[in-house]
Amino acid sequence: MESLQNKEETRQAPAKDPRRRRRPRHPLHNEPRVFTKYAPRKPLDGKPLSCTTQTTLQPNQLLDLYRYLHLTRLVEERLVNLYRQTKVVGGVFRSLGQEATAVGTAYALKPGDFITPLIRDLGAVLVKGIRPREIFAQYMAKSGGPSGGRDLNIHFGDMDKGFIGPISHLGDMIPVMTGVLLGARMKRKPIVAIAYIGDGGMSTGAFHEGLNFAAVQRLPLIVVAEYNHYAYSTPTALQTAVKNLAEKAAGYGIPGHIVDGNDVVACYEVTKQASEYARRGGGAVLIEAKTYRRKGHAEHDDQRYVPAGEIEWWEKHNDPLDRYERYLLESGAAKKEQLEQITAEVTREIEEDCAWAESSPMPEPENAAYRVFDNSIVEPAFRPEVLKN
Ligand SMILES: Cc1ncc(C[n+]2csc(CCOP(=O)(O)OP(=O)(O)O)c2C)c(N)n1
Ligand SMILES: [Mg+2]
């Protein structure tokens, strides 16, 4: 008894682990864990929807965003055109109606930051500096494309531009990006990264393991979860039991945000705050973007599972480009002529880049054996006698 008492008295407070820094306060506030400052709002007095008016964006940045939104939509329209001419190898996946999510979130990053996009995030890839000609050549599997015809559509990356190419397996890019951020921390590189994921992809084990690790390690990972109402033909209500994907943040002990994914300004602002929080050591953040997939899973999908009138409603009342154009004109941030000029420039760029990609040669067959793996480690799987037969 006596010895026990002595032990009690001499027990000291455990030494503080220097790795356990205090988490900075969240910029909005600490509780509750799901923040809704930028969540979708119902239009007042039936007024058509516009965008968040309080913004830190500068006039030239506001026009930049308009350019990227238009570029995304028109590049995709051209891809559909090429697809119908059977010039595309593989599928075409559209982000029609949800372009603001990819553009607004990626635009909030710094040039050295990283993204890993999915099929609805062409806008983020363009913001990261990939040119339309690279996209066209990639989709047509041309030798001049980023993967030289070795892989298709979104399956390419550009490390110099901070863009990690995705693989098809949903959820798997979350642990990959977590690893990239852990590596960056070990090299003392203060980068932040966005990993995009769909409502369907969030139901995978890889998503859970990756985000859990990022949260525990307080890695500056921003997960942008796109609530676009469908995963293939499965409505989100049959995919997950939570009402809002952001609620899942509580399971990882990280902040969750709901943002209007069709309001490009809101997407920018919420990501900017999240990136500042992550960069200051707060750790991972989950942003749920409420949006709507107006096209099928890919071009082949006729969307027969979608209730009548649903797509038309979103097109008429909640198109991200219409909303942003209205915002720019009503706030006086841009004049109609300026917007027309941007559209003309984007159209010209697409014409030139598409012509370039169409006239590029197809790859030589034997090139498929090289640069699939790092050939300084793995011999190219090249057997000339196979080609002869
Ligand atoms: C692990 C895994 N399961 C299934 C698939 C097949 N698949 C590809 S896309 C997709 C639907 C994705 O839906 P969601 O994550 O909501 O993204 P969205 O297409 O709506 O952007 C499925 C099931 C896959 N690629 N990986
Ligand atoms: Mg989805």
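The values are calculated or read from the model by the stated rules, or taken from the named source; none is laboratory data. Bear in mind that the values here come from a model prediction, so they are computed numbers and not experimental data. All Cβ positions, even for glycine, are placed from backbone atoms using ideal geometry, and neighbour counts span all protein chains on display. Quick note on the areas: whole protein, heavy atoms, side chains included, nothing else; ligands and nucleic acids left out. Shrake-Rupley method; radii C 1.70, N 1.55, O 1.52, S 1.80 Å.
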Would you mind telling me the share, in percent, of accessible area of the range 165-234 contributed by carbon and sulfur at probe 1.4 angstrom?
-> 59 percent
Going residue by residue through the range 39-49, the Karplus relation 6.51 cos²θ - 1.76 cosθ + 1.60 with θ = phi - 60° gives ³J(HN,Hα) values, rounded to whole Hz and with x marking Gly or Pro, of 5, x, 10, 6, x, 7, 6, x, 5, x, 5
With a ≥ b ≥ c the root eigenvalues of the C-alpha gyration tensor of the chain, is it rounded (a/c under 1.5), prolate (a/b larger than b/c) or oblate?
-> oblate
Taking the Cα atoms only, what angle lies between the long axis of helix 264-279 and the longest principal axis of the chain, rounded to 10 degrees?
-> 40 degrees
With a ≥ b ≥ c the root eigenvalues of the C-alpha gyration tensor of the range 280-330, is it rounded (a/c under 1.5), prolate (a/b larger than b/c) or oblate?
-> oblate
Label GLU77 and GLU358 with points 7 Å out from Cα along Cα→Cβ: what is the distance between them in nm?
-> 1.6 nm
Take the range 194-313, drop everything but the C-alpha atoms, weight them equally and run the Debye formula without solvent; then report log10 I(q)/I(0) at 0.11, 0.12, 0.22 Å⁻¹ to two decimals.
-> -0.39, -0.46, -1.24
Over the chain: helical MRE at 222 nm, DSSP H runs n ≥ 4 each giving -39500 (n - 2.57), nearest 500 | -12000 deg cm²/dmol
In terms of the charge dipole of the range 248-373, which places +1 on Lys and Arg and -1 on Asp and Glu at the beta carbon, the residue among HIS300, SER359, GLY283 farthest towards the positive end is GLY283
Which of the chymotrypsin sites (Phe, Trp or Tyr not before Pro) found in the range 139-213 are loop residues per DSSP with 11 or fewer other Cβ atoms within 10 Å of their Cβ?
-> none
In the range 99-144, what is the volume of the convex hull around the alpha carbon atoms, normalised per residue and reported in Å³?
-> 80 Å³
Assigned charges on the beta-carbon of Lys, Arg, Asp, Glu; the range 150-237 dipole about Cα centre (debye) = 500 debye
What lysines could a cross-link reach from LYS272, if we take a straight Cα to Cα line under 26 Å and drop same-chain neighbours fewer than 8 places away?
-> LYS37, LYS42, LYS110, LYS128, LYS161, LYS187, LYS189, LYS243, LYS248, LYS290
So what is the accessible area of the chain per residue, in Å², with the probe set to 1.4 Å?
-> 51 Å²
Using unit Cβ charges (K, R positive; D, E negative) and no other charged atoms, how large, in debye to the nearest 20, is the dipole of the chain about its Cα centre?
-> 1360 debye
How would you classify the range 145-229 from its alpha-carbon gyration tensor, with a ≥ b ≥ c the square roots of the eigenvalues: rounded for a/c under 1.5, else prolate if a/b is greater than b/c, otherwise oblate?
-> oblate
